[in-house]
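What follows draws every value from the coordinates through simple rules; no lab data is involved. A quick note: this is a predicted structure, and the numbers were derived from the prediction, not measured. Virtual Cβ from ideal backbone geometry, glycine too; neighbours counted across all protein chains shown.
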Amino acid sequence: MAQQWLSIVEYARAFSVSDMTVRRRIKTGKLQSVLRDGKYYIPVEVGVDGGYIKPSSTRPKPMINPPKKPEPPTENDFELIHSQRPHTPTPIHVQKEVRVLEPTTAFENLTQTKPDAGIVEVCQKMLTKLHNTEALMSSKYQAQMQALLSDSKRKDSEIGQLKQQIEDLQVLVKILESNSN
C-alpha cells in the first residue's frame, strides 16, 4: 500500500467529515499531520482499489517523509504527458439553430398548455383533506375554548362566594369580640 498526503479539505471529503472536525482532530493530536507552507497535510494509505484507508492510530507518529510543495510542470513533463496519451481527433462542434421567442409568445405557450389530469386530481384531494383537517381542528378548538370559558365563569362564581363567606366571618368575629368585652 502506498502513502498519500491529503489536505484538510481532501481528507474531509474522503472520509465524510467536516473541515472543522479535521482541524479539531489535528489540534487535539488525534490526527497526524504536517504543516507545510501554511497548509496542513494528513498522511493516508491508498488501498489496492485506489480508495483511501483511514489511519488506524490516533497517536501522532514521527514524520518520515513530509509532503513537498508540488513544483510546476516543466516543458519536459508536458511533452512526456502528451507522448504517453493516444492521439484523439479534435472534436467537431456543430452549431445548432437557436430560436428566441418573444416574451408574449412564450407566455401564450405556457397558458395554452393543460396541466396533467393526475396532478390536478392529487392537488384537489390534498386541498379537500386540508380543508377537512382545518374544519376538524377549528371545531375541536372551539369546543375546548367553550369548556375553558365555562370553567372560568364557574371559578369566578366560586371566588365571589368565597369572598362573601370571608366578609360574613369577619362580621361574626367583630360581633364575638364586642360581646366578650
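FRET efficiency for Lys125 and Ser150, Cβ-Cβ distance as r, R0 = 41 Å, nearest 0.05? Write down the numbers at each step before the final one.
Details: r = 38 Å, r/R0 = 0.93.
It comes to 0.60.
Using r as the Cβ-Cβ distance of Tyr141 and Ser16, and R0 as 41 Å, what FRET efficiency do you calculate, to the nearest 0.05? Numbers along the way, then the final one.
Working: r = 46 Å, r/R0 = 1.11.
Once rounded, the FRET efficiency stands at 0.35.
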